[in-house]
Amino acid sequence: MTFCHLRLVQASQKKPAVALPPTKRLAIVTCMDARINPFTQLGIKDGEAHIIRNAGAVAKDALRSLIISQRLLGTREIAIYHHTGCGIVTFTSPELRQKIKDADPENEATAEAVEQVDFLTYPPDLEQSVRNDVKFLQENPLILKGTKVTGWIWDVDSRQATRVI
Ligand SMILES: [Zn+2]
């Protein structure tokens with residue numbers, strides 16, 4: 001299915017208009033992992049929540065979107081989901097940088113650029129990584145005071161979420 005075809009399908013669905021600010025005033029941070037579908041698996045409907053996705057569901061990576069979500073679109077609760085079997089725990093930033101450099105060893109621009117990227121990996125202790133991300137958000141001066149921040153682990157096999165904090 002091409003992108004143009006997708007656009008045509010969307011335009012022809014004629015769903016009722018949904019307001020821009022999320023009705024649950026909720027922002028969800030979750031991984032880009034293809035096995036996770038936040039809408040069906042977390043029971044979120046169109047218009048209810050912002051879904052911010054990145055490799056590993058890293059709070060620091062999501063910060064830009066979270067600030068916009070809170071300051072311009074009124075969300076007041078954040079739920080962060082790390083998950084079992086996440087690829088982000090299987091490598092480190094130095095390892096990925098080296099792999100990228102090794103793929104094109106003569107390319108100085110690549111070597112220089114990749115040194116500027118922090119891939120924000122974390123070790124396999126998911127409870128700890130969730131706690132770290134919740135703490136990062138609670139202590140970040142750009143996140144509104146009084147924001148409810150919860151941290152969860154999503155089990156990709158059982159499709160169950162367990163609250164950590
Ligand atoms: Zn993941």
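In the elastic network of the chain, a GNM with C-alpha springs shorter than 10 Å, the most mobile of Thr30, Thr150, Thr110 is Thr110. Rg/Rh for the stretch 6-165 stands at 1.03; both radii use Cα atoms, and Rh follows the Kirkwood definition. Put simply, the amide H of Thr121, placed in the peptide plane, has neighbours under 5 Å in Ser93, leaving out anything fewer than 5 places away on its chain.
Find the relative contact order for the stretch 47-165 and round it to a whole percent, using C-alpha pairs within less than 8 Å whose residues are 6+ positions apart. Value for the stretch 47-165: 32 percent. For the stretch 71-76, putting each phi into the Karplus relation 6.51 cos²θ - 1.76 cosθ + 1.60 with θ = phi - 60° gives couplings of 6, 10, 10, x, 6, 9 Hz, in residue order, rounded to whole numbers and with x for Gly and Pro.
Loop-resident GluC sites (Glu not before Pro) (DSSP state other than H, G, I, E or B) in the stretch 92-165 with no more than 13 further Cβ atoms inside 10 Å of their Cβ: Glu106, Glu115.
Between Gln128 and Thr162, the modelled labels are 1.7 nm apart [label points 7 Å from Cα along Cα→Cβ].
Taking other residues whose beta carbon is less than 12 angstrom from the beta carbon of Phe119, and scoring Lys, Arg as +1 and Asp, Glu as -1, yields -1. Note on the chain: with a GNM built from Cα contacts shorter than 10 Å, the maximum mean-square fluctuation among Asp125, Asp155, Asp33 falls on Asp125. Loop-located trypsin sites (Lys or Arg not before Pro) in the stretch 92-165 (DSSP state other than H, G, I, E, B) with a sparse environment of at most 14 neighbouring Cβ atoms within 10 Å: Lys145, Arg159. Residue-wise HN-Hα couplings along the stretch 151-165, as the Karplus relation 6.51 cos²θ - 1.76 cosθ + 1.60 with θ = phi - 60° gives them from phi, are x, 9, 10, 9, 8, 6, 7, 7, 6, 10, 9, 10, 7, 9, 8 Hz; Gly and Pro carry x. In the stretch 59-165, what chymotrypsin sites (Phe, Trp or Tyr not before Pro) fall in a loop by DSSP, with at most 14 other Cβ atoms inside 10 Å? The qualifying sites are Phe91.
Here the stretch 17-58 has 60 percent of its accessible surface on carbon and sulfur atoms, given a 1.4 Å probe and all protein chains in place.
Solvent-accessible surface of the chain, averaged per residue with a 1.4 angstrom probe and all protein chains in place: 63 square angstrom.
So what's the net charge close to Thr23: Lys and Arg +1, Asp and Glu -1, counting the other residues with Cβ under 10 Å from its Cβ? For residues surrounding Thr23, the net value is +1.
Here the Gaussian network model covers the chain, with springs between Cα atoms less than 10 Å apart; of Gly56, Gly47, Gly146, Gly146 fluctuates the most. What the Cβ-Cβ distance of Leu120 and Lys148 gives, at R0 = 25 Å and to the nearest 0.05, is a FRET efficiency of 0.60.
The values are calculated or read from the model by the stated rules, or taken from the named source; none is laboratory data. All figures in this text were calculated on a predicted structure; none of them were measured in a lab. Ideal geometry is used to build each Cβ from the backbone, glycine not excepted, and the neighbour counts take in all protein chains shown. These area figures cover heavy atoms from the full protein model, side chains too; ligands, DNA and RNA do not enter into them. Shrake-Rupley method; radii C 1.70, N 1.55, O 1.52, S 1.80 Å.
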